[in-house]
Amino acid sequence: MSNNTSFSKQPQLSYLLNFIMKFLSILALVAVAKACLLPEERDGGHLVKRKSYWRRQSNGAPIGTGDRFSGGTIVPQGLGTQTTSFSTILSVAEVSSGFEALASSYDFPTFTAPYTTFEGRTIYGGTVGGSAGTCVNAYRAYFNANIHARERGSADGLLYFISDLLYANKNGVGIRYGSKSYTNAQVKTALTVGIVFVPMSNPDGTNYDQTSNSCWRKNRNTKSGSSGASVGVDLNRNFDFVWDFTTKFASSVASSVASTNPSSETYHGTAVFSEPETKAIKWVLDTYPMIRYFIDLHSYTGDVLYSWGSDENQSKYAYMNFLNSTYNSVRGILSDTPGSGSGYGEYSPTQELADNKAVGVRIGAAMSAAAGRTYTVTPAANLYPTSGASDDYSYSRHFANTALNLVHSYTIEFGFGNSASSCPFYPTVAQYNTNLQEIGAAYMETLLAAVDTGLGDAVTC
Ligand SMILES: *[C@@H]1O[C@H](CO)[C@@H](O)[C@H](O)[C@H]1NC(C)=O
Ligand SMILES: CC(=O)N[C@H]1CO[C@H](CO)[C@@H](O)[C@@H]1O
Ligand SMILES: [Zn+2]
């Protein structure tokens, strides 16, 4: 401390004021940090390391200003087919512009979901690969990104992967993500799978997050609350899978499964599929009824999660499942033993569960190999139970309605967080580039695994 005159004149008062100021600023910053790091944050994963900060932290890699794709005329190219690295994150407008450039350059079919977001944006996507063209009755893999606004690099990872895949195919080259390389023959094999992709599934929330640096997770619907944290619904708690958690889960776990409080980060909305963004994802699943793989791309914690997220798995008792209300009072308790006393586990047939896991293990291995950071592959419930999530919903569809197709579903939590930022979901420039490589490897491996399970050229039209 400097030895100034006021200090020497009034040592005690100055010291006290200084102490009070410091104490208040710590309180304020701890509050900011807490808003980002929820105890109930599944994406925060293995319970995110809680940290408080003594001073304002950086917001990580900056968001792009302007439009690097120049109104849909400059075609994006990912890290997998060039040696450069990126210094800024794609803005919501750039994701859209890059998508348009890709679609017009490679001439693939695009769609817009028939719902408009609260702020009037659309949710768009495209189909590439396979030989079915626009025929909907062909097996496909569905990649969805950026459902959580603050998970920066999610839309980018998907858009740049599709860019690499199409560039490598057209130019007869392979793809390289860090230490993970794929030949041009593998690129062509991967493209025998029909791919449906939606890079920006929460455009309102993402735009808000990018312009406010507020570590925003939800969408921007003001129906249940119009200011501060009360705005918005957690889209990944709004799907039709044991959504009504106050009824469907044990009371001891209900408060961590989702929330009925609009100010919560995990507020599940006023009804199942109350939000245009979740309606749009359901619409994609309905429109392409042969989707066999679904990946929702989140950050962070270095995990590849497979179903279920509602409770631990079991394959012995088919009647012990999310549709059976007998188990409402015990669902979500992970420490019990299914079949013993009131113990409950979520049912998957043995082979399906093994298949869910096997592809997850392949994805995790590819991500780990890309940059040498170890990804954990585990059932989603092992983090803690959840309700209304996109992965469980997609996988549950064929149980709820046996006329629907089996969808193997995954939540990928890319990256390991930025501990130097007030919002750990904001990667540094270096982390952003490493994350993009791991994401690319994850998608590439999913497609190759899909071919190995019989999806390549599986056209029934
Ligand atoms: C629900 O579980 C109970 C208790 O095990 C069982 O008796 C019942 O048959 C199940 N209901 C259905 C519809 O499977
Ligand atoms: C394939 C799979 O995830 N199996 C798991 C089912 O649940 C038991 C009990 O938690 C685990 O031991 C298995 O690994
Ligand atoms: Zn998330």
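The table below lists the values:
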read-out	value
Residues of the range 235-264 satisfying the condition of being crowded, with 24+ Cβ neighbours inside 10 Å and not in a helix (DSSP H, G or I)	238, 239, 241, 242, 249, 258
The range 404-445, residues that are in a helix (DSSP H, G or I) and farther than 30 Å from residue 62 by Cα	none
Residues (within 23 Å of residue 291 (Cβ to Cβ) and open to solvent by 10 Å² or more (accessible area, probe 1.4 Å)) located in the range 186-210	186, 188, 189, 191, 192
Flag for residue 346 being crowded, with 23+ Cβ neighbours inside 10 Å, among the charged types (D, E, K, R) and closer than 14 Å to residue 399 by Cβ	yes
Qualifying residue in the range 383-400 (condition: modelled with pLDDT under 95, open to solvent by less than 40 Å² (accessible area, probe 1.4 Å) and more than 18 Å from the chain's Cα centre (by Cα))	no
Sole exception among (1) out of contact with any Lys or Arg (no Cβ under 6 Å at 6 or more places or on another chain); (2) in a loop (DSSP other than H, G, I, E, B); (3) open to solvent by less than 10 Å² (accessible area, probe 1.4 Å) for residue 156, by number	(2)
Filter result (acidic (Asp, Glu) and in a strand (DSSP E or B)) within the range 269-312	296, 303
Residues satisfying the stated conditions in the range 104-118, i.e. in contact with a Pro (Cβ under 8 Å, 6 or more places away or on another chain) and not in a strand (DSSP E or B)	117, 118
Single match in 422, 340, 390, 396 (criterion: in the same structural domain as residue 89 (by TED's automatic domain parsing), within 16 Å of ligand 1 (Cβ to nearest atom) and in contact (Cβ under 8 Å) with a residue 24 or more places away in the chain)	396
Only one of 132, 141 that is touching a strand residue (DSSP E or B) at 6+ places or on another chain (Cβ under 6 Å), modelled with pLDDT under 95 and not charged (D, E, K, R)	132
Of all residues in the range 171-194 being in contact (Cβ under 8 Å) with a residue 12 or more places away in the chain, in a helix (DSSP H, G or I) and more than 23 Å from residue 142 (Cβ to Cβ), the one that is nearest to the chain's Cα centre (by Cα)	184
Restricting the range 276-335 to residues that are within 16 Å of ligand 3 (Cβ to nearest atom) and on the phi > 0 side of the Ramachandran plot, the residue that is most open to solvent (accessible area, probe 1.4 Å)	301
Criterion: within 25 Å of residue 253 (Cβ to Cβ) and more than 11 Å from ligand 2 (Cβ to nearest atom) - qualifying residue of 309, 364, 360	309
Residue identified as crowded, with 22+ Cβ neighbours inside 10 Å and either free of Cβ contacts under 8 Å to residues at least 12 places away in the same chain or not hydrophobic (A, V, I, L, M, F, W, C) (or both) among 119, 151, 100	151
Boolean, residue 183 is β-branched (Val, Ile, Thr), open to solvent by 10 Å² or more (accessible area, probe 1.4 Å) and assigned by TED's automatic domain parsing to the domain that holds residue 299	yes
Residue match in the range 211-223 (condition: over 25 Å from residue 94 (Cα atoms), of a type in the set (S, T, N, Q) and open to solvent by 30 Å² or more (accessible area, probe 1.4 Å))	yes
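Residue-wise test of (1) among the aliphatic types (A, V, I, L, M); (2) surrounded by 14 or more Cβ atoms within 10 Å (Cβ to Cβ); (3) within 16 Å of ligand 3 (Cβ to nearest atom).
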| residue | (1), (2), (3) |
| --- | --- |
| 341 | no, no, no |
| 350 | no, no, no |
| 354 | yes, no, no |
| 365 | yes, yes, no |
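The values are calculated or read from the model by the stated rules, or taken from the named source; none is laboratory data. The shown structure was predicted, so the numbers you read here are calculated from the model rather than taken from an experiment. Because the Cβ atoms are built from the backbone with ideal geometry, glycine has one as well, and the counts that use them run over all protein chains shown. SASA here: full protein model, heavy atoms, side chains in, ligands and nucleic acids out. Shrake-Rupley method; radii C 1.70, N 1.55, O 1.52, S 1.80 Å.
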